[in-house]
Amino acid sequence: MPHENLSVIIVRLKTEKRVYFRGEKVPDMRSRAARKKCLIKQVPLEITEELILDIPHDYAVFLPKGLDGRFTKKQLSAAARESRLSLRTEVLRTVGVIVKVGEVGREFLYEVSERERANW
């Protein structure tokens, strides 16, 4: 994945929820049947934050503080206070920010790579 001509730009948007429906009467949105008949869209209003990732070291912003030594995906999830980190873990491993160092039971052990530890 790390390539000299590859840049990733992640944009955080401020959005507004808009509900489109047929007819003049506004349906009761608590009803599941009414929500099925409506079209609900998140409409972007403005860009609030832009994150540019050019080199593998830039991906270290996705590592939460408080990780010591070796850790599992569950410990990474607890430190980041997020429940789903499979994609983040695989991206960090692919670009070389973390490395897989072993297993504990059915979980993989990871640690921050030597290169990133020097910059972190």
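Every read-out reported here was derived from the displayed coordinates using simple, explicitly stated rules and does not represent laboratory data. Because the structure is a prediction, the values reported are computed rather than measured. Methodologically, a virtual Cβ is constructed for each residue, glycine included, from the backbone with ideal geometry; neighbour enumeration extends over all protein chains shown.
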Exercise. Using a cut-off of 19 Å between alpha-carbon atoms, which lysines can reach Lys17, once sequence neighbours fewer than 8 places away in the same chain are excluded?
Worked result: Lys25, Lys36, Lys37, Lys41
Exercise. Give or take rounding to whole Å, what are the principal axis extents of the alpha carbon atoms in the stretch 51-100, in descending order?
Worked result: 28, 21, 19
Exercise. For the residues Leu45, Leu109, what sequence is obtained by ranking on other C-beta atoms within 10 Å, fewest first?
Worked result: Leu45, Leu109
Seminar exercise, completed: Helix 86-95 sits off the longest principal axis of the Cα atoms of the chain, rounded to the nearest 10 on a 0 to 90 degree scale, by 40 degrees
For this session: Send over the semi-axes of the chain's equivalent ellipsoid, whole angstrom and largest first, taken as the square roots of 5 times the C-alpha gyration tensor eigenvalues.
Result: 40, 20, 12
Exercise. How large is log10 I(q)/I(0) at q = 0.16, 0.18, 0.23, 0.34 Å⁻¹ when the Debye formula is applied to the Cα atoms of the stretch 8-51, each weighted equally and without solvent?
Worked result: -0.56, -0.62, -0.77, -1.17
Exercise. Under the Karplus relation 6.51 cos²θ - 1.76 cosθ + 1.60, θ = phi - 60°, what is the ordered set of whole-Hz ³J(HN,Hα) values for the stretch 65-77, x standing for Gly and Pro?
Worked result: 6, x, 8, 10, x, 8, 8, 9, 5, 5, 5, 4, 5
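Tell me what the chain gives for mean residue ellipticity at 222 nm when only DSSP H runs of n ≥ 4 count, each as -39,500 (n - 2.57), the sum divided by the residue total, rounded to 500 deg cm²/dmol. Write out the running numbers ahead of the final one.
On the way: 4 runs with 30 residues, N = 120.
For the chain, the value works out to -6500 deg cm²/dmol.
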Seminar exercise, completed: For the chain, the dipole about the Cα centre with charges only on Cβ (Lys and Arg +1, Asp and Glu -1), to the nearest 20 debye, works out at 1140 debye
Problem set entry | Separation of alpha-carbon centers, the stretch 43-118 and the stretch 19-40, rounded to whole Å | 40 Å
For this session: Taking a cut-off of 23 Å between Cα atoms, list the lysines near Lys65, but don't count ones fewer than 8 places away on the same chain.
Result: Lys73, Lys74, Lys100
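How much net charge surrounds Leu6 when only the other residues with a Cβ under 13 Å from the Cβ of Leu6 are counted, with Lys and Arg +1 and Asp and Glu -1? Walk me through the intermediate numbers first.
Working: positive: none; negative: Glu4, Asp54, Asp58.
So the surrounding residues net to -3.
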For this session: Could you work out the local net charge near Thr15, counting Lys and Arg as +1, Asp and Glu as -1, over the other residues with Cβ closer than 12 Å to its Cβ?
Result: +3
Problem set entry | the chain: relative contact order as a whole-number percent, Cα under 8 Å and 6+ apart | 24 percent
For this session: Run the quick spin-label model on Arg106 and Lys73: label points 7 Å from Cα toward the beta carbon, then report their separation in nm to one decimal.
Result: 1.2 nm
